[in-house]
Amino acid sequence: SATLDQVLGLRYSRDYEIDQAELSDDRAEVTFELRARDGKVQYPRVRYVVERLTARPTRAELRLEGGRLATSVEFLAWSPGPPLRPAHLLLRDELRGGAETRVELIDLEERSVPPGLFSLSDGSARKQLEKAAAAGG
């Protein structure tokens, strides 16, 4: 029900507002009920659970407009050091019987976007990037 890009590409602080927050009985976690700011996101409602001690998310439940659970994500481990990035994820497709996908992020490299990459009139930057990707670089 979701691609990895859709899950990791969500911008909670930009696209959602807090509808409700609740502290767990043992006070170890805070659960945020989020509501989309506008109708442009795939998941209008999200339940986002954060561990209080580390201030890191432990799971996110992505929900459809009617509240039905579509996808859940568990953040199993985090990479060391800044910037904070997940290292192990468990995604469950709740719309298709809970099928699981385990993701291990081994390496993540931030790159600047080449000038002209998204140009509609000149595709040369895009072609160079495609050649580099095909060559393994």
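The values are calculated or read from the model by the stated rules, or taken from the named source; none is laboratory data. The shown structure was predicted, so the numbers you read here are calculated from the model rather than taken from an experiment. Virtual Cβ from ideal backbone geometry, glycine too; neighbours counted across all protein chains shown. For accessibility, only protein heavy atoms count, side chains too; no ligands or nucleic acids. Shrake-Rupley method; radii C 1.70, N 1.55, O 1.52, S 1.80 Å.
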Give me the percent of accessible area attributable to carbon and sulfur for the chain, probe 1.4 angstrom.
50
Could you work out how much longer the chain between Asp15 and Leu90 gets when fully extended? Use 0.36 nm per residue separation minus the Cα distance between them, nm to one decimal.
24.7 nm
For the chain, modelled as a GNM with alpha-carbon contacts under 10 angstrom, which of Leu62, Leu108, Leu90 fluctuates the most?
Leu108
Length gained when the stretch Ala125-Thr101 is fully extended (0.36 nm per residue, less Cα-Cα span)
5.3 nm
Counting pairwise Cα distances across the stretch 23-113, what percent come out greater than 15 angstrom?
67
Helix 124-134: angle to the longest alpha-carbon principal axis of the chain, degrees 0 to 90, nearest 10?
70
Place the peptides 122-134, 49-61 in order of packing, highest mean first, counting for every residue the other Cβ atoms within 10 Å and averaging per peptide.
49-61, 122-134
Would you work out the relative contact order for the stretch 4-88, in percent, from Cα pairs under 8 angstrom that are 6 or more residues apart?
17
